[in-house]
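Asks: After the structure tokens below, expect a handful of questions from me.
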Amino acid sequence: MTEKLILVPGIRIDNHHSGEEYKTDRQVFETVAFPKTSFDKTSVNPRLAVKYEFTKKFTLRANVGTGFRAPYGFSEDLHLCSGSPRVWKSSDLDPETSLSYNLSADYYGKNIRISTNIFRTDLKNKIGFTDADVNVAALGYDYQWKNIDNAFVQGVELSVMAYLAKNFDLGVDVTCNQGEYKNVREDWIGTHYESKSKYISRFPTTTGNLKIEYSPKTWSFALSGNYQGNMYIDYYNEDIDPFIGDQSKIKKTDPFMLFNARVSKKLNQFKFYAGVNNIFNYIQDEKHLDDAAFMYAPVYGTMFYGGIAIDIK
């Protein structure tokens, strides 16, 4: 538009078509009326990006756009192979749609770069993995995919990259997040975890990264850290003890930080490297073998590695 103002309009068109027909060589259930599933959806998603360059060092950006996600059929919970769970994906499922917008600013100094970003995404018809409804269970299904609610995610990001000295770099970024459903989830109503079910599972309230790198000549030394704040994660008790009862719950995790280190040396077309991940041996503090989706931290401790890379010209 001008030397300082740039507009970038865009549009994406998705056409999703899929279908399934359930067949069997013999009658397994009383009913044989298993309906076909069929999806046919065309989605038009416009977006607009704006960039304004106040000075050579300071830039402001803004973006807004819509999104589309076709109904899917995968979950970590499907590890229950020995139990042969049957999962229903109904033709009544609506695709997930979203409206996203963000505002960001960048400063480019001589030895430092600072970026900040404010973002929000509104989700409509979010799809979730739930127990089968009564009418679906009557067909012999254990679970189903379902449009569970509308939701939103929003947050603030801050990133700093600094060149502290020759061949010595520092990078830090921090993100504060909030993600909630519009209502509490049906499968937790009436339990002690009803109010917690409003928070989107596996969505940390805070994340952060740290990287320090020193690269003199043919050597490279790097130390990195990854921080994860509190988040809520569902545990569904599959192997219910007849004496203890159902132990299903929503756990609020503790924050933790992982540190990794790596060193490498270039020698002609060869590059030798070695490193260690999870230096302080942090592992997940609670495990449930009957729910493979209950994963929120490393399950393995410190790991050492090394190798050789060859540049073939």
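Asks: Which residue is surrounded by the most Cβ atoms within 10 Å (Cβ to Cβ), if the candidates are limited to segment 101-138 and must be of a type in the set (D, E, K, R), over 30 Å from S248 (Cα atoms) and touching a residue at least 40 places away in the same chain (Cβ under 8 Å)?
Replies: Once the filter is applied, the top-ranked residue is D106.
Asks: Regarding Q284, is this residue modelled with pLDDT under 95 and farther than 24 Å from D173 by Cα?
Replies: no
Asks: Next question, about the same structure. Could you check segment 34-135 for strands (runs of 3 or more DSSP E) lying wholly inside it with 2 or more residues that are modelled with pLDDT of 80 or more?
Replies: Strands (runs of 3 or more DSSP E) meeting the threshold: 37-53, 58-69, 96-108, 112-131.
Asks: Which condition does E238 not pass, out of (1) touching a Lys or Arg at 6+ places or on another chain (Cβ under 9 Å); (2) assigned to a loop (DSSP other than H, G, I, E, B), if it passes all the others?
Replies: (1)
Asks: Separate question: All but one of (1) closer than 30 Å to G225 by Cα; (2) within 24 Å of the chain's Cα centre (by Cα); (3) in the same structural domain as M257 (by TED's automatic domain parsing) hold for S100, so report the exception by its number.
Replies: In the conditions (1) closer than 30 Å to G225 by Cα; (2) within 24 Å of the chain's Cα centre (by Cα); (3) in the same structural domain as M257 (by TED's automatic domain parsing), S100 misses (3) alone.
Each row is one residue, and each column tells you yes or no for (1) surrounded by 15 or more Cβ atoms within 10 Å (Cβ to Cβ); (2) assigned to a helix (DSSP H, G or I); (3) in contact with a strand residue (DSSP E or B) (Cβ under 8 Å, 6 or more places away or on another chain).
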site	(1), (2), (3)
G140	no, no, no
Q144	yes, no, yes
M161	yes, no, yes
V184	yes, no, no
G190	no, no, no
P204	yes, no, yes
L210	yes, no, yes
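Asks: All but one of (1) touching a helix residue (DSSP H, G or I) at 6+ places or on another chain (Cβ under 9 Å); (2) farther than 30 Å from F203 by Cβ hold for F304; which doesn't?
Replies: (1)
The values are calculated or read from the model by the stated rules, or taken from the named source; none is laboratory data. Predicted model, so just to flag it, every value in this text is computed and none were measured. Because the Cβ atoms are built from the backbone with ideal geometry, glycine has one as well, and the counts that use them run over all protein chains shown.
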